[in-house]
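First up is the structure itself, then whatever we jot down about it.
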Amino acid sequence: MTAQKRISFQVVRDEVKRRIESRIWPQGSLLPTETQLAEEFNCARATVNRALRELADQGFVERKRKSGTRVKKEPSKHAKLEFSLTRQAVENQNSTYRYALVERKIVPSPGWLASQLNVPPTARVLHVICMHYADNRPFQLEERWINIGTVPEVEYADLNTHGPHEWLLNAAPFTEAEVAFCAVSADGRLAEFMGTTAGTSMIQLERTTWKDGEPMAFARMTHHPGYCVRTRY
C-alpha cells in the first residue's frame, strides 16, 4: 500500500477549485467521491472532506448526503471582510492607541494547536499575549501562537513596542486566512484583562493563517463589550 503524503487540505481545495474554474468540471457536474479524490491526491479522506467543505462554504460546490458533491450551477455572492490593524481601528475612532506586551514565550505546540495548524506536537511556537487599549480603556486582548518553523525570524523579533500582527504583516505577510467569529462569556481571567465582570458577553475572533501553504499562526482576539463588526457586499 502506498504511504500517504502529508498534503494540506489547501492543496486539494485549490486544485479542485482550479478544475471548476477552468471548466474541467463544469457547472452541475458530479465530482469524484471523497475516496476517489483521496486516492488521486494520495492523502487522507479527512483532508479531502475539509477541502470540499471549504469550497461549499465559498459557494463553489453543493454537498448532499448520499448524492455526492456537485459544482454549483449559480455562483454565490459573498461578503468581503477587511481587517485593519488594531492600532488603525482605535485611531479611526479618534482614540489614543496604546499597546502592552503581557507575556512572550517559546513552547512546544499544544495538542489542540498541533491539530488546528496540522503541525507535529513537537513543533516550536512563539506564544504571545498582549493588550490593546483605546484612551487607556481595554479594547482587545490578543493571544497568538506563531509557528517558528514557517516564520523562523519571529523567534528574535522585538514585540515590545508593536504587536505580533503588525510585525507579521511587515516581515512575513500571510497568503491565506481562515476566520471565525464567536460569542463568548468572559471567565475570570478574561474579565480581569478587559476590565469587566465574569459572564459579560463579548465577540471573539479566531484567525488561522498560512504562508504559501505552510501553517503560520493561530490568533484569538477578544474585543471589548459592545464591539461591532460590519461588512458590505
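How big is the dipole moment of the chain about its Cα centre under a simple scheme where the beta carbon of each Lys and Arg is +1, that of each Asp and Glu is -1, and everything else is neutral? Debye, nearest 20, please.
Using Cβ point charges on Lys, Arg, Asp and Glu, the chain gives about 1000 debye.
Which of the trypsin sites (Lys or Arg not before Pro) across the range 171-233 are loop residues per DSSP, with 11 or fewer other Cβ within 10 Å?
Taking the range 171-233 and a limit of 11 other Cβ atoms within 10 Å, the loop trypsin sites (Lys or Arg not before Pro) found are Arg230.
If you build a Gaussian network model of the chain, linking Cα atoms that sit under 10 Å apart, which residue out of Cys130, Cys43, Cys182 swings the most?
Between Cys130, Cys43, Cys182, it is Cys182 that shows the largest mean-square fluctuation.
When Rg is the radius of gyration of the Cα atoms in the chain and Rh is its Kirkwood radius, what does Rg/Rh come to?
Looking at the chain, the ratio lands at 1.02.
Using alpha carbon coordinates only, what is the Rg to Rh ratio of the range 9-71, with Rh defined as the Kirkwood radius?
In the range 9-71, Rg relative to Rh is 0.91.
Could you work out the relative contact order of the range 9-71, using alpha carbon pairs under 8 angstrom and six or more residues apart, expressed as a whole percent?
42
For the range 86-223, with equal point scatterers placed on the C-alpha atoms only and solvent neglected, what are the log10 I(q)/I(0) values from the Debye formula at q = 0.13, 0.19, 0.21 1/Å, to two decimals?
So the normalised log intensities work out to -0.57, -1.19, -1.37.
For the range 99-188, what does the relative contact order come out to in percent, with C-alpha contacts under 8 Å and a separation of six or more?
Result for the range 99-188 is 25 percent.
Quote the relative contact order of the chain in percent (integer), defining contacts as alpha-carbon pairs under 8 Å separated by 6+ residues.
The value is 15 percent.
A short reminder: the numbers here are calculations on the coordinates, not readings from a lab. This is a predicted model, so every value here is computed, not measured. A quick note on method: Cβ atoms are made from the backbone with ideal geometry, for glycine too, and the neighbour counts reach across all protein chains shown.
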